[in-house]
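Enquirer: The structure's right below; bear with me while I get my questions together.
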Amino acid sequence: MTKKVKAKKNNKQAVQSKKKIRTAKSAIKKGLVTVYLSLGSNVGDREEYIEQANFLLEKNPRIQVVKHSSNIETEAEGGANQPPFINSAVMIKTSLPPHQLLDVCQEIETTLGRERELEWGPRTIDIDILLYGDEIVSDEKLQIPHPLLHERMFVLRPLREIAPNALHPIMEKTIEALYEERKTEAGEKYDDELPGFKEIKGGGYDDYEKW
């Protein structure tokens, strides 16, 4: 085989290989769903746990972390005498079906030391699926949209930061609208211009520390 023929063959193989890669990427991209997750931690180095959760999500080959909110600190709800939580919201794109994504989230929780001995108890990391595209899932293991999404300011606040126009598929309202409704119901405690949340940026409190 001459050098020219060999080179031509190699080039043809390279082009075919590139086409296959582009086709594969295109196929994966078409199968991606936009999903919103809530992250929370109130044990140990809370910000580090949030960061590690993001890192482990990104490491999964079928998950792409697109955007994450600022971290906010809020008082614990549902359990007595607990440290305050740091909460954030994450936008991902994934090809994982809802239940497989739940399994991945729970595996990350276990990896980061999550214990489930006490319901509503302290936790190193809590990862909840808030919205999975416009899908509605309801079974014993998983409910999407998250059934308490519209009631929790510590979820709505960071989610509103990254996805104000995301639509709740059951209530047919945007996250912005749900946030404003809940803020009105809660009264002045959650007024943007009055004490409400501690917002945390870059590992330290912002200049206008609130609460």
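What follows draws every value from the coordinates through simple rules; no lab data is involved. Given the structure is predicted, the values throughout are model-derived calculations rather than measurements. Heads up, the Cβs are rebuilt from the backbone with ideal geometry, glycines too, and the neighbour counts pull from every protein chain shown.
Enquirer: Arrange the peptides 89-101, 130-142, 48-60 so that the one whose residues have, on average, the most other Cβ atoms within 10 Å appears first.
Expert: The peptides rank, most packed first, as 89-101, 48-60, 130-142.
Enquirer: Roughly how many nanometres apart are two label points built 7 Å out from the Cα toward the Cβ at GLU77 and HIS99?
Expert: Calculated label separation equals 2.9 nm.
Enquirer: OK, next. Using the structure shown, select from LYS67/LYS183; LYS141/LYS183; LYS67/LYS173 the pairs with a Cα to Cα distance greater than 26 angstrom.
Expert: Pairs exceeding the cut-off: LYS141/LYS183.
Enquirer: Which part of the stretch 30-69 falls in the paramagnetic zone of ALA186, meaning amide N under 16 Å from the point 7 Å along Cα-to-beta-carbon?
Expert: From the stretch 30-69, the list is 38-41.
Enquirer: Report ³J(HN,Hα) in whole Hz for each residue of the stretch 133-150, in order, from the Karplus equation J = 6.51 cos²θ - 1.76 cosθ + 1.60 where θ = phi - 60°; Gly and Pro get x.
Expert: x, 10, 7, 10, 10, 8, 8, 5, 9, 8, 10, 9, x, 4, x, 10, 3, 6
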